[in-house]
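The values are calculated or read from the model by the stated rules, or taken from the named source; none is laboratory data. What you see is a predicted model; the values in this text were computed from it and never measured. Here Cβ is always computed from backbone atoms with ideal geometry, including for glycine, and neighbour counts include all displayed protein chains.
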Amino acid sequence: MILAPPLFENLNDYYKSYWKFLKDDDLIEALNRQKDSTLNWISSIPTNLENYAYAEGKWSIREVLQHLIDAERIFNYRSLCIARKETVSLPGFDENTYAANSNGNARKWQSLVDEFMHVRSSTEDLYFSFTEEMLWQKGLSNNHTATPLSFGFVTVGHFYHHKKIIEERYL
């Protein structure tokens, strides 16, 4: 199934910066490729850096991983609602408030890794279950037009965005 990236008009400007990280035109392939390489990449992070933050007020690597889990769940919820033709605008979320209240630094690293991989498997199942009509269904998220397909590609680009930051500023 080829699920080409949606047009920019189906996406909040905030998320468009993630588009530069997309290398695939097929959403399912992009999710699979990312999942396959992610476990190796996460496993390469030195244990002594898991609680490291590169500056005062910045998230630790554990908090970044927790953020990726939280955001992916939220993107999936939005996709599900829109695919099911929800008519109300879905709420936004403040990622800094979520991170501050995530307990990410107190969690065991392997627990975070396992949860991320479970969420990613669920993400793949969700998108594979959608019909083409569901993927292109337009809805509102944080008062902006969106489609499930756009959130699928946001999920992929969002991960690469944070991976790049970790590689450049943490490692």
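Could you tell me how many of the residues in segment 24-55 are outside any helix (DSSP H, G or I) and loosely packed, with under 11 Cβ neighbours inside 10 Å? Break it down into steps so the answer makes sense when it comes.
Of segment 24-55, the ones outside any helix (DSSP H, G or I) are 24-26, 44-46, 50-55.
Filter again for loosely packed, with under 11 Cβ neighbours inside 10 Å, leaving 44, 46, 55.
So the answer is 3.
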**Prompt:** Restricting segment 2-23 to residues that are outside any loop (DSSP other than H, G, I, E, B) and polar (S, T, N, Q), which is modelled with the highest pLDDT?
**Reply:** Ser17
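In the list Glu63, Glu86, which residue meets the criterion of being modelled with pLDDT of 95 or more and within 22 Å of Ile42 (Cα to Cα)?
On the way: Glu86 fails: within 22 Å of Ile42 (Cα to Cα).
Being modelled with pLDDT of 95 or more and within 22 Å of Ile42 (Cα to Cα) holds for just one of Glu63, Glu86, which is Glu63.
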**Fill in**
Reported set for segment 75-113 where residues are surrounded by 19 or more Cβ atoms within 10 Å (Cβ to Cβ) and of a type in the set (Val, Ile, Thr) is Ile82
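Okay, residues lined up against (1) surrounded by fewer than 17 Cβ atoms within 10 Å (Cβ to Cβ); (2) touching a residue at least 40 places away in the same chain (Cβ under 8 Å):
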residue	(1), (2)
Glu133	yes, no
Lys138	yes, yes
Ala146	no, yes
Phe151	no, yes
Val154	no, yes
Lys163	no, yes
**Message:** Residue pairs, Cβ under 6 Å, 6 or more apart or interchain, first in segment 16-34 and more than 17 Å from Phe116 (Cβ to Cβ), second among the β-branched types (Val, Ile, Thr) and at pLDDT below 85. List them.
**Reply:** Asp26/Ile2
**Yes/no for Phe116 being over 19 Å from His162 (Cα atoms), assigned to a helix (DSSP H, G or I) and touching a residue at least 40 places away in the same chain (Cβ under 8 Å)** = no
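Condition check ((1) in a helix (DSSP H, G or I); (2) over 20 Å from Glu63 (Cα atoms); (3) of a type in the set (Ser, Thr, Tyr)) across all residues:
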position: Ala99; (1), (2), (3): yes, no, no
position: Gln110; (1), (2), (3): yes, no, no
position: Glu124; (1), (2), (3): yes, yes, no
position: Ser150; (1), (2), (3): yes, yes, yes
position: Thr155; (1), (2), (3): yes, no, yes
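Before we move on, is Ala99 touching a residue at least 40 places away in the same chain (Cβ under 8 Å), more than 29 Å from Asp25 (Cβ to Cβ), touching a helix residue (DSSP H, G or I) at 6+ places or on another chain (Cβ under 7 Å) and not polar (S, T, N, Q)?
Working: touching a residue at least 40 places away in the same chain (Cβ under 8 Å): yes; more than 29 Å from Asp25 (Cβ to Cβ): yes; touching a helix residue (DSSP H, G or I) at 6+ places or on another chain (Cβ under 7 Å): yes; not polar (S, T, N, Q): yes.
Here the answer is yes, as Ala99 does meet what is asked.
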